[in-house]
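Below is one structure, written out as structure tokens; the observations come after it.
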Amino acid sequence: MAQTLTIQNLLQAIAHYTVQVDPDLLTDLQPGYSAEQIAEIIPFRLPAEILELYAWHNGTDIISHKNLFYYHHFLSVEDAYQIYQDLMQTNREIEFEAYEPFLFPLFDFEGEYYMVQMDENRDDYGSIWFCFHSSGQVYDSLSTMLAAIEECYAVGAYFIQEDEYIPDQPKVAAIKAKWNRCRWNSDGTTLSYRT
């Protein structure tokens, strides 16, 4: 059952589903990085779950742009840090925090990102946010994000049609809400479909 799997087991399971539409994914995943290697590139600490993500693999090459899940590309540490620096430069240029400085990109698609919350002083430290024109928390943690995505594949909420994965949006929303309390409204109902 997904609840007992480690982050690396969940990632491997997700990759297994993804290769059904993109057989080259596994060969394009780059070797993993240690926490020490990451610290040589990034001048701040990332949550432990993110270190586990990068211990598994250091993303895929940005040129190949292979998708790890659904339609999102897994950024290497170097590419993620470059994007982070570019976003912070945009903030300086416009003299406004259009991009939250406490969010670090992990997965991208044409300017939209899944990012990790890395401010240890916040209650939602380590949560995953979706950022595209605005930002908001969409997963409680990387592990709950991956568990929900793995279940979406396992039960056919993401299903193959014409060599790509298509979401059954109501099923996807229910699974993601099951794994992530941040997808619940204060009255106990679940939010409508969110990426």
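The values are calculated or read from the model by the stated rules, or taken from the named source; none is laboratory data. Because the structure is a prediction, the values reported are computed rather than measured. So basically every Cβ, Gly included, is an ideal-geometry build from the backbone, and we count neighbours across all protein chains shown.
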For this session: Please find, among 70, 99, the residue that is among the aromatic types (Phe, Trp, Tyr) and at positive phi.
Result: 70
Exercise. So residue 46 fits all but one of (1) in contact (Cβ under 8 Å) with a residue 12 or more places away in the chain; (2) part of a loop (DSSP other than H, G, I, E, B); (3) more than 20 Å from residue 99 (Cβ to Cβ); (4) not hydroxyl-bearing (Ser, Thr, Tyr); what number is the exception?
Worked result: (3)
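From the list 79, 86, exactly one residue is surrounded by fewer than 17 Cβ atoms within 10 Å (Cβ to Cβ) and either β-branched (Val, Ile, Thr) or not in a loop (DSSP other than H, G, I, E, B) (or both). Which is it?
86
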Problem set entry | In the range 32-55, the residues that are modelled with pLDDT under 95 and within 18 Å of the chain's Cα centre (by Cα) | 45
Problem set entry | Cβ-Cβ under 9 Å pairs, at least 6 apart or on other chains, the range 97-121 side surrounded by 15 or more Cβ atoms within 10 Å (Cβ to Cβ), far side acidic (Asp, Glu) and assigned to a strand (DSSP E or B) | 114/108
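Can you tell me how many residues in the range 137-166 are in a strand (DSSP E or B) and loosely packed, with under 15 Cβ neighbours inside 10 Å?
Selection size over the range 137-166: 5.
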Exercise. Across the range 11-31, which residue is modelled with the lowest pLDDT among those that are in contact with a Ser or Thr (Cβ under 7 Å, 6 or more places away or on another chain) and in a helix (DSSP H, G or I)?
Worked result: 25
Exercise. On the given criteria, is residue 125 at pLDDT 90 or above, out of contact with any helix residue (DSSP H, G or I) (no Cβ under 7 Å at 6 or more places or on another chain), surrounded by fewer than 22 Cβ atoms within 10 Å (Cβ to Cβ) and farther than 19 Å from residue 179 by Cα?
Worked result: no
Exercise. Among the residues of the range 167-189, is any more than 16 Å from the chain's Cα centre (by Cα), part of a strand (DSSP E or B) and modelled with pLDDT of 90 or more?
Worked result: yes
Exercise. Is there a residue being surrounded by fewer than 16 Cβ atoms within 10 Å (Cβ to Cβ) and closer than 27 Å to residue 160 by Cα anywhere in the range 35-51?
Worked result: no
Exercise. Restricting the first residue to the range 154-178 and requiring it to be in contact (Cβ under 8 Å) with a residue 40 or more places away in the chain, which pairs with a second residue that is part of a helix (DSSP H, G or I) and of a type in the set (Val, Ile, Thr) meet a Cβ separation below 9 Å and a spacing of at least six or different chains?
Worked result: 158/149; 158/172; 165/18
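For the range 93-136, which strands (runs of 3 or more DSSP E) that fit wholly inside it have 1 or more residues that are of a type in the set (A, V, I, L, M, F, W, C) and touching a His at 6+ places or on another chain (Cβ under 6 Å)?
On the way: elements: 103-109, 112-117, 128-131.
Result: 103-109.
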Exercise. If we keep just the residues of the range 168-183 that are closer than 23 Å to residue 105 by Cα and not aliphatic (A, V, I, L, M), which is surrounded by the fewest Cβ atoms within 10 Å (Cβ to Cβ)?
Worked result: 181
For this session: Hey, can you tell me all the residues within the range 49-76 that are under 28 Å from residue 169 (Cα atoms), part of a helix (DSSP H, G or I) and not charged (D, E, K, R)?
Result: 50, 53
